[in-house]
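Notes to accompany the following structure.
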Amino acid sequence: MMIISDLHMHSPYSRATSKDMTFKALERGAVAKGLHILGTGDFTHPRWREAIKRELVEEGGFYRLRGGGKTLFAVTGEVCTNFELGGRSRRIHHLILLPSLEVAEQLCEALSQHGDLLSDGRPNLAMTGAELAEAVVELGDDCLIVPAHIWTPWFSLYGAHGGVNSIRECYEEYAPHIYAAETGLSSDPPMNWRVSELDNVTLLSNSDSHSAHPWRIGREANIMDMKEVTYAEMVDTIKCHKEKVATIEVDPAYGKYHWTGHRSCGVSVPPRRAVVMNGICPVCGRKMTKGVAERVEELADREEGVVPKGSQKFIRMLPLCELIATLAGKDVFSTEVQRRYWGILNHVKNEYEVLIEASYDRLEEACGADLARIVLASREGRLEISPGYDGVYGTPKGELTSDDVKGRNASEAPKERLLRGGTNLEEYINDGR
Ligand SMILES: [Zn+2]
Ligand SMILES: [Zn+2]
């Protein structure tokens, strides 16, 4: 079975999270999107754990809405470790996956020695990455710690501002317990293939969503080939079978930190130019925020275009709401865009059917010719995006011509991976790389 999961999100107890973030809203959003498994997010917060207990019931190591629902929830959360290394302070986010609320209670008891778990859904902890990893793996083989959005300039494993240069530097003797890494929106698998130590981990993609709307959840996700849909099988697949995990990716240019830049001055530059400029903003003379593309160049020990043995597959797409908004030249939450989105959903199984599986004819029938064209362009990597930088999302501009495509991301050969007539997920993941 092809199971699609988005394991990283936040509850209303995290800063900047929408009040619509309830389990009922998440269920609705997941069904619309086509997601089977969602992370609960924020298991470290006692109030959110109470909500889980009140509103969900346990099932195979997952949880489901009391009274029934289609979506399974995995107990997940994110914490930030603060520690000093080489005289500099390092602040790194980690995603944690747990088999039950009981284990979550145990872990929270240990973590509460290092920080105030009530202060935020994603608490700050005064401990090293290794100490956190020890606390997690001590609780069982099915407790996973995953470095979150590993390239984000702030708060990540490889982050240019406050991260480290390797998995070992962060997790020390616990590095062998790191089975997966979350790539984040601003990087895609080919960028991660440049760093050979990542060959040993499973690349995961999640939305890190602060809203339950299908515009946000599942914009990045994991497709896992699972025999049984249990938490134990999911963890085993992540730990031991990376060949059974493919990811759903936005164009990395859509991410908020793809290029180097300075938000308040409206300046953004590609990696090579940023190096020439010494990372200095030409408008105000201050340091720019180093983008993911530049940071990947710094840590890369492989040329661009090399596909490592055993690398995972991925599918590229932007959320349907984003594509409709681009076409309409309107805001995503405008009445026109939302009406068209939910109108289309009345005629299809779910959003992923449109984005991944539907043939062109089916797309045209369900969405109209204008939208069908742009969905195809998004699938094939022909959608022009002005790159995000310093916390500003990238903006889709429209379709590229075939000449433009040749010069761009030549190594990725998107058409090889994405069939014009849509993708059969089962064949897609099983034909091996
Ligand atoms: Zn984070
Ligand atoms: Zn500036």
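The table for this structure:
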quantity	calculated
Residue check for Asp42: among the charged types (D, E, K, R) and either closer than 20 Å to Phe155 by Cα or within 16 Å of ligand 1 (Cβ to nearest atom) (or both)	yes
Strands (runs of 3 or more DSSP E) enclosed by the stretch 70-189 - at least 2 residues per element that are open to solvent by 10 Å² or more (accessible area, probe 1.4 Å) and touching a residue at least 40 places away in the same chain (Cβ under 8 Å)	72-85, 88-98
Any chance Val235 is under 24 Å from the mean Cα position of the chain (by Cα), open to solvent by less than 40 Å² (accessible area, probe 1.4 Å) and more than 16 Å from ligand 1 (Cβ to nearest atom)	yes
Qualifying residue in the stretch 44-52 (condition: among the charged types (D, E, K, R), under 21 Å from Gly218 (Cα atoms) and open to solvent by less than 40 Å² (accessible area, probe 1.4 Å))	no
Residue that is farthest from ligand 1 (Cβ to nearest atom), among those in the stretch 84-119 that are acidic (Asp, Glu) and touching a Lys or Arg at 6+ places or on another chain (Cβ under 9 Å)	Glu105
Residue pairs meeting the criteria (Cβ under 8 Å; at least 6 apart or on separate chains; first farther than 12 Å from Ala293 by Cα, in the stretch 249-263; second assigned to a loop (DSSP other than H, G, I, E, B) and within 14 Å of ligand 2 (Cβ to nearest atom))	His262/Cys281; His262/Val283; His262/Cys284; His262/Arg286; His262/Met288; His262/Asp390; Arg263/Asp390; Arg263/Gly391
Odd one out for Pro214 among (1) assigned to a loop (DSSP other than H, G, I, E, B); (2) open to solvent by 10 Å² or more (accessible area, probe 1.4 Å)	(2)
Leading residue by the ranking (surrounded by the fewest Cβ atoms within 10 Å (Cβ to Cβ)) among those in the stretch 193-202 that are in contact (Cβ under 8 Å) with a residue 12 or more places away in the chain and not hydrophobic (A, V, I, L, M, F, W, C)	Ser196
Matching strands (runs of 3 or more DSSP E) fully within the stretch 256-332 where at least 3 residues are farther than 30 Å from Leu345 by Cβ, open to solvent by less than 70 Å² (accessible area, probe 1.4 Å) and within 16 Å of ligand 2 (Cβ to nearest atom)	260-262, 267-269
Evaluation of Ile223 against (1) assigned to a loop (DSSP other than H, G, I, E, B); (2) open to solvent by less than 20 Å² (accessible area, probe 1.4 Å); (3) within 18 Å of Ala74 (Cβ to Cβ) (one fails), failing number	(1)
Residues of the stretch 18-43 satisfying the condition of being of a type in the set (S, T, N, Q) and open to solvent by less than 10 Å² (accessible area, probe 1.4 Å)	Thr40
Residue, most open to solvent (accessible area, probe 1.4 Å), within the stretch 333-352, restricted to residues that are among the hydroxyl-bearing types (Ser, Thr, Tyr) and assigned to a helix (DSSP H, G or I)	Thr335
Selected residue (only one of Val164, Val195, Val137 is more than 16 Å from ligand 2 (Cβ to nearest atom) and closer than 22 Å to Glu233 by Cα)	Val137
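The values are calculated or read from the model by the stated rules, or taken from the named source; none is laboratory data. Everything quoted here is computed from the prediction, not taken from an experiment. Note that we place each Cβ from the backbone using ideal geometry, even for glycine, and neighbour counts take in every protein chain shown. All accessible areas refer to the heavy atoms of the entire protein, side chains included, with ligands and DNA or RNA removed. Shrake-Rupley method; radii C 1.70, N 1.55, O 1.52, S 1.80 Å.
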